[in-house]
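The values are calculated or read from the model by the stated rules, or taken from the named source; none is laboratory data. Fair warning: this is a prediction, and the values are worked out from it, not measured in the lab. Because the Cβ atoms are built from the backbone with ideal geometry, glycine has one as well, and the counts that use them run over all protein chains shown. Only protein heavy atoms, including side chains, enter the accessible area calculation; ligands, DNA and RNA are left aside. Shrake-Rupley method; radii C 1.70, N 1.55, O 1.52, S 1.80 Å.
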Amino acid sequence: MPYVNIKITREHGVPTQAQKEQLIEGATRLVSEVLGKNPATTFVIIEELETDNWGIGGRSVTHIRQENTK
């Protein structure tokens, strides 16, 4: 039973319902094609995170984005 967790930041707005459906369908298809897993038992979770809650290299993405816009 595969479990796919897609995490995205909300820095440019949230994805539309149609985009989420595409992500779910695409991830399910990929797991089925590559690993031969049953799509009916493949779980896909999309988590939308604020950039304050995502860190890279010891700094939040919010801080990194602010530095890159200067």
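Kindly state, as a whole number, the per residue volume in cubic angstrom of the convex hull around the alpha carbon atoms of the chain.
Working: hull volume 7.8 nm³, N = 70.
So the per-residue hull volume is 112 Å³.
Candidates GLN66, VAL44, GLY26 compared by Cα position along the dipole of the chain: farthest toward the positive end lies GLN66, with charges placed on Cβ.
Using a Förster distance of 25 angstrom, determine the FRET efficiency expected from the C-beta separation of ALA18 and ASP52, and round it to 0.05. It comes to 0.40.
Once the Cα-Cα distance is subtracted from the 0.36 nm per residue extended length, the HIS63 to LEU30 segment shows a gain of 8.5 nm.
How far is helix 17-35 tilted, in degrees, relative to the longest principal axis of the Cα atoms in the chain, given as a value from 0 to 90 rounded to the nearest 10? On a 0 to 90 degree scale, this one is about 60. Per residue, the chain exposes 74 Å² of accessible surface when a 1.4 Å probe is rolled over the protein heavy atoms with every protein chain present.
A 1.4 Å probe, protein heavy atoms only, puts the accessible area of LEU23 near 70 Å². Summarising the amide proton neighbourhood of TRP54: residues at separation of 5 or more, or on other chains, whose placed amide H is nearer than 5 Å comprise VAL61, THR62.
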